[in-house]
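Worksheet: one structure, shown below.
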Amino acid sequence: MTRITITGRRQLTGQVRAAGAKNAALPILASTLLGGGDCQITNLPQVRDVATMNTLLSLLGASVKQDGNKVVINTDTVQSLEAPYDLVKTMRASVLVLGPLLARFGEAIVSLPGGCAIGPRPVNLHLDGFKKLGATIELAHGYIRAHTTGLKGQRIDLETPTVTGTENLIMAACLAKGTTIINNAAMEPEIEDLANFLNTRGANIMGAATGRIMIEGVSQLHGAEYTVMPDRIETGTYLIAGMVTGGDVEVHHCIPGHLDSLISKLRECGAEVHETTDSIRIKAPKRIQALDVQTFPYPGFPTDLQAQMMAMMSVADGTSVITENVFESRYLHVPELQRMGASITVDGSRAVVKGVPQLTGAQVMASDLRASAGLVLAALAAEGETQITRVYHLERGYERIEDKLQGLGAIVHREPASA
Ligand code: UD1
């Protein structure tokens, strides 16, 4: 097992390029299952979750040829329709193969994702939607077995705007007979990226990125070339890294409009922010001002930046209140931040963060992907050395994070750890 060691209190300055978005790449890769022909996908982030999705596609029988940030996938050779437990347990987003397999082959068997560190995260809304489209769903021995003799377009009203649920249903509806309308759909930009890719392949999807998505089913999809959108969460993480270190950081090759909720919060706490069409630069204030943040589905403040924001509020001037509205129990980073000297109390979905002048380096443990990013930011701000174990969580979603941080002037090392 490896660990990352960070020596804090180095002002980060300079430029960093945003990678392709993990959460757009995953559904795009899964959606290659919807039709034959070569799909060439570029700007693919080289992160563990993407590697896991590629492994899953290979396991199903697809040809997957990856070369750095580019992959060519052909699913004409798919033979298996089963996503096994061993893979699904390492990445919940494996459930994204359910919709495309069901729509194209009439059958799919996917392990139930089970519990995860940030709360129950059920997939009931995915399954209810598939049933509406005409699938039968059976849950047995820890697996979801979906079957259909042909999906039919329907109106689906989602109780909660689930991101991967919306993606799964869009993919299934692409090959369904007739029109599907998804109401109360999630509006995350990654959903629009998936829809753009599918439309390039011959699908007919309208209104992605709005709460009402309409899909006219088509009989088949063909191959295509596509470039994945930039990662807004990675972008936000580097901007906050600039803030916590009192630095001056520019992220380029990003889409500033996707980060409006973060940018307005950073301005509110004193940052100077400059945006161009594809870059964001922040200059940190002398002392970060406390502020309140509530997470919401897009375009609200993203839950995937909550831990990073909490690390920043830990060293702000005054008391901040963070309210996590998207996931239960997404505060596993709190005890670790407390070990670094942060003053945080949690009451249900609310966390009260009393800013302290200084965090101190400590040994901490990552519990999930974004929590580990929060710990990295706290370590960058802290006096002395912090050792973060279980960094495999970080590798799931951040491409070359040590290189990128070193490029901005951070002192970061990766080394083998005994625990
Ligand atoms: C996606 C993102 C994840 C992000 C999350 C919220 C990917 C691969 N992952 O996860 O990084 O943190 O969106 O922005 O894109 N829910 C149900 N029933 C369901 C599905 C969801 O009750 O069938 C609830 C969840 O428990 C949660 C809320 O809906 O409270 C939102 O979850 P959802 O949008 O589905 O998250 P994911 O798609 O898993």
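The values are calculated or read from the model by the stated rules, or taken from the named source; none is laboratory data. Note that the coordinates shown come from a computational prediction; the quantities given were computed from them, not determined experimentally. Note: ideal-geometry Cβ built from the backbone for every residue, glycine included; neighbour counts use all protein chains shown. What goes into the accessible areas is simple: the full protein's heavy atoms, side chains included, and nothing from ligands, DNA or RNA. Shrake-Rupley method; radii C 1.70, N 1.55, O 1.52, S 1.80 Å.
What's the center-to-center distance, using Cα atoms, between segment 1-63 and segment 322-389 in Å? Centre-to-centre distance over Cα atoms comes out at 25 Å. Helix 369-381 and the longest principal axis of the Cα set of the chain meet at an angle near 20°. Site pair Thr136 and Arg9 shows an inter-label distance of 6.7 nm when each label is modelled 7 Å from Cα along Cα→Cβ. Computed over segment 22-227, the P(r) curve from all C-alpha pair distances, binned at 10 Å from the origin, holds 10, 40, 40, 11, 0 percent per bin. Within the listed set Ala209, Ala307, Ala19, the Gaussian network model of the chain (springs between alpha-carbon atoms below 10 Å) gives the highest mean-square fluctuation for Ala209.
Probing with 1.4 Å while keeping every protein chain in the model, the per residue accessible area of segment 22-227 equals 39 Å². Here's the list of lysines a cross-link from Lys22 could span, going by alpha-carbon distance under 30 Å and ignoring same-chain residues fewer than 8 apart: Lys65, Lys70, Lys89, Lys131, Lys132, Lys265, Lys283, Lys404. What does the convex hull of the Cα atoms come to per residue for segment 256-381, in Å³? Residue-normalised Cα hull volume stands at 95 Å³. Shown are His258, His253, whose ranking by accessible area with a 1.4 Å probe and every protein chain present, most to least, is His253, His258.
Please work out the C-alpha center-to-center distance from segment 281-303 to segment 232-277 and express it in whole Å. Measuring centre to centre over Cα atoms gives 9 Å. For the chain, the dipole from Cβ point charges (+1 on Lys and Arg, -1 on Asp and Glu) about the Cα centre works out to 300 debye, to the nearest 20.
One equal scatterer on each Cα of segment 254-309, no solvent, Debye formula: the resulting log10 I(q)/I(0) at q = 0.15 Å⁻¹ is -0.43. Angle of helix 22-31 to the longest C-alpha principal axis of the chain, folded into 0 to 90 degrees and rounded to 10: 10°.
Result for the chain in a Gaussian network model with C-alpha springs under 10 Å: among Val163, Val228, Val346, the largest mean-square fluctuation is at Val346. When both bridge partners sit in the chain, DSSP labels roughly 70% of those beta bridges antiparallel.
Subtracting the Cα-Cα distance of Asp76 and Arg267 from their residue separation scaled by 0.36 nm leaves 63.8 nm.
Note on the chain: with a GNM built from Cα contacts shorter than 10 Å, the maximum mean-square fluctuation among Gly129, Gly165, Gly409 falls on Gly409. Taking only protein heavy atoms and a 1.4 Å probe, the accessible area of the chain is 48% carbon and sulfur. Using only the alpha-carbon atoms, how far is helix 189-200 inclined from the longest principal axis of the chain? Give it as 0 to 90 degrees, nearest 10. Taking the Cα atoms of the chain, the angle to 189-200 is about 30 degrees.
Where the centre of each part is set by its Cα atoms, how far does segment 181-218 sit from segment 120-169, in angstrom? Using only Cα atoms, the two centres lie 17 Å from each other. Can you figure out the FRET efficiency of Val356 with Thr149, using R₀ = 45 Å and their beta-carbon distance, to the nearest 0.05? E(calc), rounded to 0.05, equals 0.15. Working value for the chain: equivalent-ellipsoid semi-axes of 38, 21, 20 Å, each the square root of 5 times a Cα gyration tensor eigenvalue, largest first.
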